[in-house]
Each structure stands twice: as C-alpha cells, then as structure tokens.
Amino acid sequence: MGEYGQTSFRHGNWRRRALIALGILGGLFLIFHRPLLLGLGHRIALHYAAKENLKLEFQVEGSVFTNFIIKNFHAVATGPSDVESIDVDLARIDYGLFTLLRHGISTAIKNADVHSARVVMNPER
C-alpha cells in the first residue's frame, strides 16, 4: 500500500493482467469460431428434429456475422409426424448479427432464398 491507500505497481502485476487479457481473447476466439458455431447449430437442429420424429441430413456453410447457407437438406419422418419429407437443394439467409441481437429476427433478416424445395405433409395428421 502506498502513502494514500493506493496499491503500488508490483513487478508481477503486469503478468497477471496479460494472462487475463489472453484468457479473454481465447474465450472470444472460442465463442466466435465459425466451425464450432456451425457444428453447434447442426447439433441443435438434429436434437430438435429428433424430438419431432424427423431424421435430418444437411450441410451448413457461411459466416456467423452476415449469412448462412444450408445445402442438400433432407428430412424424413422416423415415426408419427406432421411431415413426411422435406427436400431443399439450397437455402440462403442474409442477416445482420448485431441487428438480430438488438431488434430481433423480424428486422435482422435482409434476404432469404430457397431453391428447389419440396415439402410433403402427412394428410392424416
């Protein structure tokens, strides 16, 4: 402690701050790492589809901040479901991440394109 109750600059204090800064940068890298986020989104979609008795197969590409592309989307019912099958060759959604966080999905989506989609619903349900 200094003369007026202030802590003095210690020799090891800069190392601690540097480690904290590296930890924060490492955390941000993990949070915004594109393949990890796309893989997590893929897993979440598979999880929720399994709850609805659907089997999904698709590929996800794109950027975390501006757009994502879903290619070769195929969904097939594995049990009682409202959907018999869904086939989409290409779906592209352009959005703004910061607009999404601030104002919600309705204002964040700028453009949505779907090419060659075929949806077959189960008329019994």
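In degrees, nearest 10, range 0 to 90: what is the angle between the Cα axis of helix 13-31 and the longest Cα principal axis of the chain?
Approximately 10 degrees, to the nearest ten.
Tell me, what % of the accessible area of the chain is carbon and sulfur with a 1.4 angstrom probe? Write down the numbers at each step before the final one.
Numbers: 5800 of 9640 Å².
So the carbon and sulfur contribution to the accessible surface is 60 percent.
Full extension from His42 to Asp82: what is 0.36 nm times the residue separation minus their Cα-Cα distance, to one decimal in nm?
Value of the extension gain: 12.2 nm.
So how much slack lies between Asn53 and Glu124, counting 0.36 nm per residue of separation and subtracting their Cα-Cα distance, in nm? Could the numbers behind the result be given before it?
Values: separation 71, 0.36 × 71 = 25.56 nm, distance 1.56 nm.
Extra length available between Asn53 and Glu124 comes to 24.0 nm.
Under 18 Å Cα-Cα from Lys110, which aspartates and glutamates qualify once same-chain neighbours fewer than 8 residues away are excluded?
Straight-distance partners of Lys110: Glu61, Asp94.
Suppose every K and R has +1 on its Cβ and every D and E has -1 on its Cβ; what is the size of the dipole of the chain about the Cα centre, in Debye to the nearest 20?
800 debye
Between His74 and Ile105, what is the label-point separation in nm under the 7 Å Cα-to-beta-carbon projection?
2.6 nm
Distance in nm between label sites at Ala117 and Asn13, each 7 Å beyond Cα in the beta-carbon direction?
Placing both labels 7 Å along Cα→Cβ, they lie 5.9 nm apart.
Shape of the stretch 15-76 from its Cα gyration tensor (a ≥ b ≥ c, root eigenvalues): rounded if a/c is under 1.5, otherwise prolate when a/b > b/c, or oblate?
Values: a/c = 5.43, a/b = 2.50, b/c = 2.17.
Prolate.
What does the highest-first list of 85-96, 17-28 look like by mean Cβ count within 10 Å?
Those peptides, ordered most packed to least, come out 85-96, 17-28.
In sequence order, what are the phi-derived ³J(HN,Hα) couplings for the stretch 38-46 according to the Karplus relation 6.51 cos²θ - 1.76 cosθ + 1.60 with θ = phi - 60°, rounded to whole Hz, with x for glycine and proline?
Couplings: 5, x, 5, x, 4, 5, 5, 4, 5 Hz.
For Phe32 and Leu90 in one chain, what is 0.36 nm times their gap in residues minus the Cα-Cα distance, to one decimal in nm? Can you show the working numbers first?
Working: separation 58, 0.36 × 58 = 20.88 nm, distance 2.44 nm.
That pair, Phe32 and Leu90, stretches by 18.4 nm at full extension.
For the chain, what does the accessible surface come to per residue with a 1.4 Å probe? Please give it in Å². Intermediate values should be presented prior to the final figure.
On the way: 9640 Å² over 125 residues.
Per-residue value: 77 Å².
Based on alpha-carbon atoms only, what is the radius of gyration of the chain relative to the globular estimate 2.2 N^0.38 Å? Don't jump to the answer; show the numbers that get you there.
Details: Rg = 23.3 Å, N = 125, 2.2 N^0.38 = 13.8 Å.
Relative to the rule-of-thumb radius for its length, the chain sits at 1.69.
Among Val120, Gly39, Asn53, which residue has its Cα furthest toward the positive end of the charge dipole of the chain, with +1 on Lys/Arg Cβ and -1 on Asp/Glu Cβ?
Of the options given, the answer is Gly39.
The values are calculated or read from the model by the stated rules, or taken from the named source; none is laboratory data. Quick caveat: nothing in here was measured; it's all calculated off a predicted structure. For neighbour counting, all protein chains shown are included, and Cβ atoms are generated from backbone atoms with ideal geometry for every residue, glycine included. Each accessible area value is taken on the protein alone, full model and side chains, heavy atoms only, with ligands, DNA and RNA left out. Shrake-Rupley method; radii C 1.70, N 1.55, O 1.52, S 1.80 Å.
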